[in-house]
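Please read the structure below before turning to the comments.
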Amino acid sequence: MFEYLYGTVEYKKMDYIAIDINGVGYKVYFPLREYEKIDLGNKYKFYIYNHIKEDTYKLIGFLDERDRKIYEMLLKINGIGPSLALAVLSNFSCDKIVEIISKNDYTSLKKVPKLGEKKAQIIILDLKAKLKNLTYTEVETISIDMLEDLVLALEGLGYTKKEIDKTLEKVDLSAYSSLEEAIKGILKNMKIGGWWMKGLEEIYLKGFSLDKYFGIASANELEKLEELYKNIVISDEFVNRIKGINKKVPVLASVETWCPYARVFLTTMRKINEINHIFDLSLITYGRGVSELAGYLKIHEDDFVVPTAVFLGEDFSKLRVFNGFPEKYHNDSTLDTIDGTRNYLKGKFANDILEDVLSIF
C-alpha cells in the first residue's frame, strides 16, 4: 500500500504515467486535467489511492491531496466506481467540485461523460452534508482532511452515517480551528440534544393518531382490540394517580395492527387517556418512520421491536424508552412461559405497563 510516490516521470500517456523511483517504474493513473502540468523528466509527488480487487491492483495518483480526498468520497457513493470518479476529477478540480456542490450545480456536473443528470444529483445530495460549509474560497481554511477525519471519528464513536450527515448539515465547521475542537463541540451539542431533538420532532410529526390506527386495523384485529379493552381494568389507585397528573407528554410509538404486544400497549394507553389525557400519541409503522427512529436510537432495524415508545420532553428530548414490554420483564422470566405470555397478551398484567409508563411523571 502506498501513501504517495515521489519520483521522475519517464513516460506519459493521456491516462497514466510511469514514474521512476530508484530504477523501478510505477504505472500511475491520473486525472486527465493534470496532463499539461506534468513534464517528462521532472520529479513529482503523487498522492496515491490504491485500487485493489481480486484480479486488479491499480495506482491512482493526484498532485493535490485534496483531490484524493474528493475521489475517496466519490467512491463511497452508490453507482460511482473508480473510472467514473476519476472522470469527475478529470473535469473538475477539488475547488470547483466544492463550488458545484455548494451551488447545487448539477447541470455542470452532469456534463461528465457517462455520469448523467441522475448520478450528478446523487453526488450533490451525498456530498452536500459533508461539504456544505466549505465554499471554494474556504477550502484552504477548513481542510477536507479535517472533514474526513471528523466523519471517521464520529463513525468510530458509534454514530450512523445518517446521523453524521444530518449533524454536518447544521454545524458551521469554520467555527472550529482544529479537529479536536470540532469533535468536542459537535459531541457537546449532540449530548444536550441541540440538533438531534429536531430529528425526533420530525419523526413525531410524521406519525398518525390512534383513530387512524383503528381505521387501518382489520375486522379480526378490531375484535381483538375490543376484547382487550374489556379485559384491562384500571384500579382506583391508578385512576386517582392518573387524575392527579397535570401535564401532557408527547409519546412517539412504533406499532403494527398485527402485533399483539402493540395492541396491549396501545389499549393501556387508550385507557389512561380516557381518564386523563396525559399522553399525546404519535404512531409510526415500518413503512412510516420506524427506520428513522431505529437510527436515532442506534438500533439495527433487524433488532427493532414493536412496540418501541419514546416518551418526550417539551423540547422533544428523549426522556425514556418503553422497549416492547415493561422494564421488569427484561430482567425476569415472566414472559418466558406460555402462560405468562398468554396472560400478558390478554391484558392481565396491565398494571405493570401502567407502573412503567407513569414513572415518567
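None of the figures in this text is laboratory data; all of them are computed from the coordinates on show. Here the structure is a predicted model, which means the values were calculated and not measured. Virtual Cβ from ideal backbone geometry, glycine too; neighbours counted across all protein chains shown.
Springs between Cα atoms under 10 Å define the GNM used for the chain, and in it the highest mean-square fluctuation of Asp105, Asp339, Asp315 occurs at Asp339. Residues whose amide H lies under 5 Å from that of Gly289, counting only those 5 or more places away or on a different chain, are absent; hydrogens are built 1.01 Å from N in the peptide plane. Magnitude of the charge dipole for the chain, about its Cα centre and with charges confined to Cβ atoms of Lys, Arg (+1) and Asp, Glu (-1), is about 640 debye. For the chain, adding -39500 (n - 2.57) for each run of n ≥ 4 DSSP H residues and dividing by the number of residues yields -13500 deg cm²/dmol at 222 nm.
Give a quick list of chymotrypsin sites (Phe, Trp or Tyr not before Pro) in the stretch 280-335 that DSSP marks as loop, anything other than H, G, I, E or B, with at most 15 other Cβ atoms within 10 Å. Sparse-neighbourhood loop chymotrypsin sites (Phe, Trp or Tyr not before Pro): Tyr286. If you plug the beta carbon distance of Lys58 and His330 into 1/(1 + (r/R0)^6) with R0 = 35 Å, you get a FRET efficiency near 0.10.
Sites listed here are trypsin sites (Lys or Arg not before Pro) in the stretch 253-361 whose DSSP assignment is loop and whose Cβ has at most 10 other Cβ atoms within 10 Å: Lys298. Shape index of the chain: Rg/Rh, with Rg the Cα radius of gyration and Rh the Kirkwood radius from the inverse mean 1/r over Cα pairs, equals 1.15.
Helix 82-91 and the long axis of the chain differ in direction by around 60°, with both axes built from C-alpha atoms. Can you work out the base-10 log of I(q)/I(0) for the stretch 228-342 at q = 0.18 1/Å, using the Debye formula on its C-alpha atoms alone? Debye curve over Cα of the stretch 228-342, log10 I(q)/I(0) at q = 0.18 Å⁻¹: -1.07. Residues in the stretch 275-286 carry Karplus couplings, in order, of 7, 7, 6, 9, 10, 8, 7, 10, 9, 10, 10, 4 Hz; the curve used is 6.51 cos²θ - 1.76 cosθ + 1.60 with θ = phi - 60°, and Gly or Pro positions show x. Computing Rg and the Kirkwood Rh from the Cα coordinates of the stretch 305-361 gives a ratio, Rg/Rh, of 1.03.
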